Structures are given as structure tokens and as C-alpha cells.
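Written below as C-alpha cells is the structure these notes are about.
The values are calculated or read from the model by the stated rules, or taken from the named source; none is laboratory data. Keep in mind that this is a model prediction, so the values were computed, not measured. Cβ placement follows ideal geometry from the backbone for every residue including glycine, while neighbour counts extend to all protein chains displayed. The protein model used for the area step is the full one, side chains on, heavy atoms only, and it has no ligands, DNA or RNA in it. Shrake-Rupley method; radii C 1.70, N 1.55, O 1.52, S 1.80 Å.
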There are 2 protein chains.
Amino acid sequence: MKRRTFLATSIASGAALGMGAESRSAEKADKPEKAPYKRISCEEAFSTPEIVAELKRVAGGVPSMSSGPIAGPFMPALLDIGEGRIQTMDRDGVDIQVLSLTSPGVQNFDPATAVSLMRATNDRLAEAIRKYPARFAGLAVIAPQDPVASAKELERAVESLGIKGGIINSHTRGEYLDDPKFWPIFEAAQALNVPIYIHPREPSSGLASELTMPGFTVGWGFGVETGSHALRLIASGVFDKYPMLRIVLGHMGETLPFVIDRIDNRFQWESKLFGKPKIERLPSEYLKNNFVVTTSGMNYRAPLMATIAQIGVDRVMFAADYPMEVQADAVREMEAMPLSMQDKWKVWETNARKVFAI
Amino acid sequence: MKRRTFLATSIASGAALGMGAESRSAEKADKPEKAPYKRISCEEAFSTPEIVAELKRVAGGVPSMSSGPIAGPFMPALLDIGEGRIQTMDRDGVDIQVLSLTSPGVQNFDPATAVSLMRATNDRLAEAIRKYPARFAGLAVIAPQDPVASAKELERAVESLGIKGGIINSHTRGEYLDDPKFWPIFEAAQALNVPIYIHPREPSSGLASELTMPGFTVGWGFGVETGSHALRLIASGVFDKYPMLRIVLGHMGETLPFVIDRIDNRFQWESKLFGKPKIERLPSEYLKNNFVVTTSGMNYRAPLMATIAQIGVDRVMFAADYPMEVQADAVREMEAMPLSMQDKWKVWETNARKVFAI
């Protein structure tokens, strides 16, 4: 680390936490040890003033769960994809953040606005990456409202802007990606050899009445929404049509690694009795071949070890979910996992380098 | 084992599998080894001709997911709570089954029919237990349509019939147990010091449109339905009102042990932003104090080890989910788990003895 950056970091973090000189040095001692690997963090959110303005407009001035984290205290950190963010990364021991527009992306907007803001936001993202090419990578905004324009934009983002894949925040106005009308996006992703990250958002209206539970909507409802979405994709046959398609799920696979054996078991039984979706393999085979997961918001030991046991350490990548989670805690928690150096290296760095071609 | 039973078992199982003399002895070798503990299996289903008739009548002659397993090939095994079932238990190495009326119980019926069939079925259950007191225990049918009658019936079942607790199959005509109108049932359960088992069923109408996915409805949809129900109970404050209330969840806690850290984390955050349910403790504290889980349909290593790590081995009990699952496989899978003898003893026997006072 250059001396200038080091000083700026110490001052910034000390100031943010209201610390004096003594605590600054204590905090320095807490900093994760230097590691042979780079720490890459795969689900890290940002926003832009234009997106925030349109989210507010659509919400009629009343930010809610469907406006995403703009309802929270995260706005200053979300809007900073420059020096301030780099300083938090230095402070917390994160080498590279893979940036993505915070949930729900442009998916609440009318199609024309969504397409226009998709392009503008990808340009903004590319600009941030150009400024800090060793510290940032990015996932492209997608506007599923217009699948053809989105496929073209994904191509532009990957080929002209150096972006590493795309991100979609679960349903788009109640519609899911198992509908083949959305598949031009997947066709493009496979052709470009880039992954699509399916990120959570609030449950669609069918689910919302039961899963919007004050205090539990994000921890449970968002995960159910997104895990259901992943299973719909498996059931749709999209992975038979695009066998090289790679999907990224956050939050340790949205509980799917925990239940996948039972899903296989009941899939076989239910298929016999009620007719089965026309797919060629067992659900778990798609999970183990077409999906990778990140640890965003789930840097906890038991689910990590279960997930590695179920889908293999080659399919797990670190994420903090900055700024909605405390990045320093996430780093510390992952560093404390009982993994071999080889496995840590994979989870911290090499898996992400392969998946996102970083 | 008595010689007569042993012979009958060998013949029954050999015949069922279409085996000759050689395979019978191979099969004998496969039988789980004699263990110092008794094997108690905690979520084992039965039905009665009266229940089946009413389920068929309500379904208009078209059995579906909402009729429960009567749509499947399980009927003969469900209707047998006598010698035939004992023989499968001997063959598979299960010492005691805790019996419960198969999902959805009486919860689809009009209140008067539900109450009447609740009582009749509990009498039937008690009769089976009286005939095989060393092999069967039972959970009482409950008709949440009439909470007061159900509370009285639970008292009768426990005090007069020797039944060990009650079972409720998630929602009752779309209503959940977080509604205080149902709480007389919980008040009775606490007063009687018996647990309530919350068993899965098909998702309620709000959830159904998204979670009824051919091939995935049971493995995923039923679990989401039931896990959501458990979180609603936590959010309702029922465990602050009845702190000694014990709830049993099947299927390894319906994924809650996997996500509970994240639920705690987001609960604290979401509560700050949007207002929190009026409960006194963190969600995980209720999970670890008021819930026990069984392994029904989830006798798989990674989720078992994660669950033990999260909520402790004292809160995990074996279940096969007979006859919807292959009992012999469930026993073999649990016997193969990398647990100490002491922990095996707990999961197989002593935890169930404590929870159900067997």
C-alpha cells in the first residue's frame, strides 16, 4: 500500500468511527493479516443520482422495500464508487470489489426509461473501473423489460466496456426469467461466456402477502423469492438449451445447497405422480454445473461448510454485500473459517477470477 | 427379537422385494447393526378410512396436492397401523414410531366435521398404541378451525389417551397460527407440557401461485410454507407469552438452521428502518429455545452437520417420514453419520424421549 493511501485510510476510518489515536492503532491491529491471495468481493453495491431520482419518482416519494436500499442509511456509500470506497477497501482488507447496481436495478421502471438508464449506468460503472482498474470489476445492469436491447447491451458492456457479466434482481414487475421471452439475455450470456448474477429483491406480488413479514422480509422473504427463481430456471429447461450458461446466486445459494438432496428426492417422486418438467437431469446436477454462489450476507461457518460439502469449494466465492453489511466483519469472518490455504485461495480469489474473468 | 417375528419379517421383506433365498441373506447383512440405543422415528404418517373418504369428498373425487399423500401410492401403508407396519419397522431397524395423521390432517374440512374426525382419529390412534405400547407413540390430531375444542381435545388426548403432543399441518384454510385466535391450543400445550409439531402442507393461496412448481412443490414449496409459518410464530410474540411452548419442525427445521444467522442480522437492520415486531429476543434465540427439529426426508450429512452446529445436537431427532420415504434408507443414512456414540444416542433416542415423554 502506498504511504499516501495508508494515511488517508487511517484517518478516514478513525474519523468515521470517532476514534482517537489509541483506538486507531488498536484498529490497525485488527486489520486482517496480509495474505498470499488477493481478496475479491463479488456482490458489492453502488447507485447513481439518476437511478435514485427515478426510484424516488416511481415510489411517489415514499421509499419502501421495493425501492431497494435507498430507504436505508446506505446512500452516501452507495453513491461513492471512487476514492472513498477504495479507502474502505484498504481499511477492511478487500483488494477488488465486483460492483453491481443495487437492487432492484432498473427493473421497476417503464421499458424506455429502464433501457436508457441501463446504458447510462453501465457507462458510469465502466468509468469507475477505468479509473481504478486494479480495484474494481463490474456486472452490467440489465433491463429485462426489453430482452433484445438487454442482450445487445450485455454484448456492448462485455466487449467494449470490459464488464464481466450481468446482474438481474429476481422478478421484473412480477415476471420471472423462466419465461422464454427473456432468453435472448441468456443466449447472449452463453455466447459471451459471462455469468448472470441473480440478485434478491422483495417478493413478487403473489408471494408478497405471505413473505413480507416486518423484521423478516429480507432475511427470509428475499431469499425465498430468489431461491424460487433459481428453481424455476432449472425447471424451465433453460440449462438444457444453454448448457454453458452460468448463474451466480448470492447469500450462500439462497438456501438451495441445504435442501438440494430433498429437492432431488421429491422431484423424482413428484414427477412420477404429477408429471415432471421436461428437463434432462436431476435438479442438483444443474445446481452443481450451472450455478456458483457467493457468501454475501452469509459469512457464517455452518452454512459455508455445508455449502462446500454440497456443491464443492470451486463454486463458492466471497462477497460482503457492501455497504448493506459491515465489510470488515465479513472479511474477518471469512478469514476465520476452518479452510486450508488452498481452499481459502479459491474462495477469496481464484474462483472469482475464473467466473468473472478478472 | 422373537423368532416368530424374525421369520415373518424376513419373509415379508423378501417377498416385497421379490427376492430369493440368497438375496434374503444379503438383505439380512444390510440390516442396521444392533445398537445400544432404541431407534425412535418421529414423523411417521398414518391415515384412516374415514379421513380418506372425507378428503376424497372435499376434493370432489380428484385427489390433488391438497389431499395429501392419498394421491400417491402410499395408501396401503398409511392405513396399516398394526402388524404390517411393525414388520417393516423390524425389517428396517426402527424400534418406535411416533405416529401422526398424514398431512393435511382434518384442516381442509368444515369445522364440525373436523372436530368430529379429530376425536375419532385420536381414538383410533390410541387404540393402535394400546395394542403395541412398546412400538408406537402418537401425536394428536388438531382441528384449528375450532381452537377451543382443539385445546380440550389435546387435554383429553394427553391425559386420557396417553398421546404425547399435537400436530398441525401449517396453514388452516389460509390462516396461520400467529393469529392469537388460535392460541388456546398453545396455551393448552404449554400447560400440558407437550410439544406441537408443525408439519408441512401445500402453500396457502397467497404463496401457491409462485411455489406450486411441478416437480418442486414438495421439496421447495412445502418447506417455504412451513418455514414461513415458524417465523410468523416467532414474530407474533407467542413465545414471549408462552415461554415454555415447544414447537417441532420436520425436514431439518425447514431450512431455518441454515439461514438463521442472516435472519438475526437482517432482523436487527430491518427493525431499525421499518419498525420491528414486538418480541423480546433475537429470532435465533427462539429457534434455539422453543424449537426442536426432526430429520424427516432430510437424512443427509451436510444439512445434519450444519443443523447440529447451529442449534445443538440436543435439538435434533431422527424421523424417516414413513411411508412417503424409504424407511430403510433413512435408517442407513442416519447410522452412517459421523457422530459420536453419545450424539447418536441423543438423535436416535434420548432427545425424542424427552420431547415426547416416551
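Data for the structure
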{"quantity": "Residue tally, condition assigned to a loop (DSSP other than H, G, I, E, B), more than 7 Å from chain A (Cβ to nearest Cβ) and crowded, with 24+ Cβ neighbours inside 10 Å, over the range B:246-261", "calculated": "1"}
{"quantity": "Neighbours by Cβ (under 6 Å, 6+ apart or cross-chain): first from the range A:31-57, more than 18 Å from A:A114 (Cα to Cα) and touching a residue at least 12 places away in the same chain (Cβ under 8 Å); second assigned to a helix (DSSP H, G or I) and among the β-branched types (V, I, T)", "calculated": "A:P32/A:V331"}
{"quantity": "Among (1) in a loop (DSSP other than H, G, I, E, B); (2) open to solvent by 10 Å² or more (accessible area, probe 1.4 Å), the one test that B:T350 misses", "calculated": "(1)"}
{"quantity": "Scan of the range A:262-279 for residues that are part of a helix (DSSP H, G or I) and open to solvent by 40 Å² or more (accessible area, probe 1.4 Å), ordered by number", "calculated": "A:Q268, A:W269, A:K272, A:L273, A:F274"}
{"quantity": "Hits in the range B:117-136 - residues which are under 17 Å from B:K56 (Cβ atoms) and among the hydroxyl-bearing types (S, T, Y)", "calculated": "B:T121"}
{"quantity": "The lone exception for A:V94 - which of (1) touching a strand residue (DSSP E or B) at 6+ places or on another chain (Cβ under 8 Å); (2) surrounded by fewer than 24 Cβ atoms within 10 Å (Cβ to Cβ); (3) modelled with pLDDT under 95 it fails", "calculated": "(2)"}
{"quantity": "Out of A:A114, A:A120, A:A137, A:A157, sole residue that is among the hydrophobic types (A, V, I, L, M, F, W, C), without any contact (Cβ under 8 Å) to a residue 40 or more places away in the chain and more than 25 Å from A:T217 (Cβ to Cβ)", "calculated": "A:A157"}
{"quantity": "A:Q97 vs. criteria under 17 Å from the mean Cα position of the chain (by Cα), within 19 Å of A:F186 (Cα to Cα), touching a residue at least 40 places away in the same chain (Cβ under 8 Å) and not in a helix (DSSP H, G or I)", "calculated": "no"}
{"quantity": "Condition met for A:V326 (within 22 Å of the chain's Cα centre (by Cα) and within 8 Å of chain B (Cβ to nearest Cβ))", "calculated": "no"}
{"quantity": "A:D321 vs. criteria away from chain B (no Cβ under 11 Å), over 30 Å from B:P69 (Cβ atoms) and either part of a loop (DSSP other than H, G, I, E, B) or acidic (D, E) (or both)", "calculated": "no"}
{"quantity": "Filter pass, A:Q87 being part of a helix (DSSP H, G or I), at pLDDT 95 or above and away from chain B (no Cβ under 14 Å)", "calculated": "yes"}
{"quantity": "Residue match in the range B:326-349 (condition: at pLDDT below 95, among the acidic types (D, E), touching a Ser or Thr at 6+ places or on another chain (Cβ under 7 Å) and over 30 Å from A:P73 (Cβ atoms))", "calculated": "no"}
{"quantity": "Set A:D240, A:D314: member being in contact (Cβ under 8 Å) with a residue 40 or more places away in the chain, away from chain B (no Cβ under 11 Å) and open to solvent by 10 Å² or more (accessible area, probe 1.4 Å)", "calculated": "A:D240"}
{"quantity": "The range A:262-311, subset touching a Ser or Thr at 6+ places or on another chain (Cβ under 7 Å) and in contact (Cβ under 8 Å) with a residue 40 or more places away in the chain, residue farthest from the other protein chains (Cβ to nearest Cβ)", "calculated": "A:V293"}
